[in-house]
Structure formats: structure tokens, C-alpha cells
Amino acid sequence: MGCAGSKDNVRESQSDTVLLRRRFLNTCAPSVRLTERVLLDFHLVMADPDGVQAMLEFTASEMSDENMLFWKAVQEFKLLGGPPEQPSPRKSLLPVLDSINVDKAKLQEEADKIINTFLTPDAETPVNISSAHAKMFKKKPAPGVYEYSLNMFDPVEIAVYKDLKNDTFRRFRLSDMAEALVRSKPLLACNDPSEAFSNSKVQEELQKLMRAASKIGNCDRMTAYMVQKTEMFSVCSTNLGNGVLRMPLGKGLAGTCARRGVDVIVNDVDDCAEFDKSVDKETGYTTKSIMCVVIKRNNSVQAVIQLLNKLGNDGSEFTQEEADLIRDKVGPPLLNLFEDVALQNVE
């Protein structure tokens with residue numbers, strides 16, 4: 001997906017995108033329910049803090065929130081091992097977490113709370129589990145009864161997660177809470193929008209925004225990435241043509257920027273141990289300096305704009321001031337455009 005260069009003003013792009021968004025929302029509100037015309041993605045909702053909160057409120061309104069409360073408690077329990085590498089489990093088999101460096105007393109204390117609250121026969125808020133899973137936690141916590149680890153609840157968690165998807169989420173999708181969620185975060189209804197970004201009108205808008213970012217950062221090459229689930233993919237690049245580059249969160253400096261949620265500025269990649277040289281080897285391009293600007297909405301990372309090789313006189317460097325300016329000027333219209341793409345099939 002290529003981006004050409006010119007001196008278009010970022011305000012023009014902001015205006016065009018905002019007008020498109022207002023026109024769409026005016027058309028769809030209040031008589032048309034978006035949840036009847038788009039499909040919320042369960043995994044995206046469960047990986048988003050606002051999505052989890054909406055699910056909690058919905059299940060509480062049905063007086064059936066035990067599964068959501070258990071699932072949330074297990075996610076917090078696993079954080080005792082440090083921040084997860086991925087936002088949410090996507091596969092049926094969960095990764096094995098390292099319990100070696102976890103405070104054993106704290107691990108046991110929090111595990112016992114979960115067992116007593118959700119899993120024992122006389123639990124305060126019992127979850128609906130199979131007899132096989134019930135046998136695993138039929139005893140009250142006591143010395144020697146359980147082997148404690150960060151993955152000890154995985155079998156029940158997997159079953160509960162599937163039940164939430166196949167039962168609870170089907171009802172949630174038709175609720176007013178889901179309607180409010182999809183209006184505030186349309187990207188949660190967009191499972192894989194990568195092909196939609198090849199649309200010529202979408203590319204025109206992206207090109208305007210990338211030219212504005214390039215003018216601020218004064219770079220040789222740049223790529224805009226959209227963060228989706230556990231990966232990120234390019235939506236516009238000055239050097240990829242119509243190709244789409246995908247990478248997992250945490251890979252390379254752009255992936256590190258997305259995973260950590262902070263800007264990355266490296267003005268000499270030879271001094272950076274985290275710089276991944278494999279892309280340069282594949283493309284024949286030589287990266288000397290790099291700036292990755294994180295774009296967030298509601299404290300959630302949505303995009304990364306990557307700029308390569310600062311231009312100008314010898315000694316020119318990327319700066320935090322440039323990163324902040326790109327985020328302030330280009331970030332909002334870029335995210336609006338992402339959401340317009342997510343809702344393109346609703347119009």
C-alpha cells in the first residue's frame with residue numbers, strides 16, 4: 001500500500017475524515033442499530049478494557065455475572081507473573097506462564113480467594129463448570145491440597161471462555177450495552193480490515209496523513225501500522241507498494257512500541273540491541289535511525305507510525321517534540337479513518 005509525497009495540509013485531511021464520520025453517525029443514529037448490521041468480534045471485545053467492562057455490566061444486569069467475574073479474576077491472578085506478552089488468549093491452549101519468580105505466599109493467597117469464591121461446592125459465587133472440573137477444586141484450600149501455579153486455573157478458564165463466547169456473548173451482541181460499545185469503538189466490530197485499506201479512497205486519506213507526518217518528521221521512509229489483537233499490520237507505506245507487512249506485537253522496534261505503549265526513538269540503530277536487522281537484510285535497505293510514534297485512544301494502543309532515517313544536515317536527529325506533534329496532528333484523524341473503515345459495510 002504505497003504513499004506518495006506532497007505538501008497537503010493535515011487540516012484538510014482532518015476535516016474530510018471528520019465530516020465523513022459525522023455524516024455516517026447522523027445517518028445511523030438513533031433509529032438504526034449498528035449491532036444489527038455489524039458483527040462484534042468476541043476476542044476483540046474481551047481484549048479491550050471497555051469491552052470487558054461492558055460484558056461485566058451486561059452479565060450483572062442478567063444476574064449471571066459469575067463467569068465474567070471468574071474470568072477477570074483469573075486474568076488479574078496471572079498478572080502476578082508480570083504483564084502478558086499478548087492482550088488476550090486467542091487459542092484454546094493457553095501459554096504456560098513462568099511461576100518461578102512469583103511471590104509464593106501471594107500466589108497461594110490469591111489462588112485460594114479464587115477457589116473459595118468461584119470453584120468449591122459451597123463457593124460464594126459458583127461458576128457453572130463440568131463435573132470433571134468440579135472434582136479438581138472440590139476441596140477447601142489447605143496445606144498440601146493444591147499445587148499452586150499461574151496456570152492452575154487454565155482448564156476451567158478455557159471452558160468458561162468458550163461458554164462466554166457461545167452463550168453469553170450471543171445475548172450481549174443484541175443489548176443496548178453492545179450498541180453503545182460499537183458506537184464508541186467501531187474497531188471492535190472489525191475482525192480483519194487489512195483488505196479494506198486497499199480501497200482507493202481510503203488510501204487517498206492515508207496518503208494525506210502520512211505526508212503530514214513525513215513533513216513533521218522529515219524522514220526517508222515511513223510506515224503506518226494498525227494494531228489488531230496480538231499483531232500489527234501495515235496500512236500505508238512508502239516502500240511496500242501494495243504489500244501488507246504483518247508482525248506480532250513485540251517484534252522489532254515498532255512492535256515493541258505497540259506492546260509497551262510508549263514512543264521509541266533511536267538515532268543510531270548500531271547502539272540499539274533491540275533493533276531487528278532481518279528486515280534490512282531482506283529488503284537491502286539500510287536503517288540508520290528510527291522513530292516509532294504510538295497512537296492511542298482511551299489509553300489503548302491503536303496504531304504505530306514508524307519513520308526511518310532522518311533527513312537533513314549531518315547530525316539531524318528525531319526528537320520527542322516531533323513525535324508529540326505527529327501524535328497530536330495525525331493521530332486523531334488516523335484513528336477516525338480506521339473506524340470509518342471498520343464501519344464501511346454499514347453505510
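The values are calculated or read from the model by the stated rules, or taken from the named source; none is laboratory data. In this text the structure is predicted, and so the values were computed from the model without any measurement. When we count neighbours, we look across all protein chains shown, and the Cβ atoms used for this are built from the backbone with ideal geometry, even at glycine.
Among the residues making up the stretch 298-325, those that are within 30 Å of Pro49 (Cα to Cα), outside any loop (DSSP other than H, G, I, E, B) and either touching a Lys or Arg at 6+ places or on another chain (Cβ under 8 Å) or among the hydrophobic types (A, V, I, L, M, F, W, C) (or both) are Val301, Gln302, Ala303, Val304, Ile305, Leu307, Ala323, Leu325. Does the stretch 307-347 hold any residues that are in contact with a Phe, Trp or Tyr (Cβ under 8 Å, 6 or more places away or on another chain) and surrounded by fewer than 16 Cβ atoms within 10 Å (Cβ to Cβ), and which are they? Selection gives Glu347 alone.
Results for (1) within 17 Å of the chain's Cα centre (by Cα); (2) more than 30 Å from Arg183 (Cβ to Cβ), shown as yes or no for each residue.
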| site | (1), (2) |
| --- | --- |
| Thr230 | yes, no |
| Phe233 | yes, no |
| Gly250 | yes, yes |
| Asp271 | no, yes |
| Glu282 | no, yes |
| Gln306 | no, yes |
| Glu317 | no, yes |
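If you check Val264 against the conditions, is it free of Cβ contacts under 8 Å to residues at least 40 places away in the same chain, surrounded by 19 or more Cβ atoms within 10 Å (Cβ to Cβ), within 21 Å of Asn218 (Cα to Cα) and out of contact with any His (no Cβ under 7 Å at 6 or more places or on another chain)? Yes: the conditions hold for Val264.
Restricting Leu164, Leu150 to residues that are touching a Gly at 6+ places or on another chain (Cβ under 6 Å) and closer than 20 Å to Val74 by Cα narrows the list to Leu150. Identification of helices (runs of 4 or more DSSP H) wholly contained in the stretch 104-196 with 3 or more residues that are basic (Lys, Arg) and surrounded by fewer than 16 Cβ atoms within 10 Å (Cβ to Cβ) yields 104-114. Whether a residue is at pLDDT 90 or above and out of contact with any helix residue (DSSP H, G or I) (no Cβ under 6 Å at 6 or more places or on another chain) was assessed, and Asp112 passes this test.
Residue count for the stretch 42-71 under the criterion of being outside any helix (DSSP H, G or I) and more than 16 Å from Asn166 (Cβ to Cβ): the result is 4. Exactly one residue out of Phe233, Phe275 is in a loop (DSSP other than H, G, I, E, B), of a type outside the set (Val, Ile, Thr) and crowded, with 16+ Cβ neighbours inside 10 Å: that is Phe275.
Of the residues making up the stretch 197-215, those that are surrounded by fewer than 19 Cβ atoms within 10 Å (Cβ to Cβ) and among the basic types (Lys, Arg) are Lys201, Lys215.
Test Val244 against the stated conditions and say whether it is of a type in the set (A, V, I, L, M), touching a Phe, Trp or Tyr at 6+ places or on another chain (Cβ under 9 Å) and in a loop (DSSP other than H, G, I, E, B). Here the answer is yes, as Val244 does meet what is asked.
Scanning the stretch 280-291 for residues that are closer than 21 Å to Ala323 by Cβ and outside any strand (DSSP E or B) returns Thr287, Lys288, Ser289.
Conditions (1) small (Gly, Ala, Ser); (2) modelled with pLDDT of 90 or more, marked per residue:
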site	(1), (2)
Gly243	yes, no
Pro248	no, no
Ile265	no, yes
Gln306	no, yes
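Residues being closer than 30 Å to Leu39 by Cβ, modelled with pLDDT of 95 or more and polar (S, T, N, Q) are entirely absent from the stretch 170-181.
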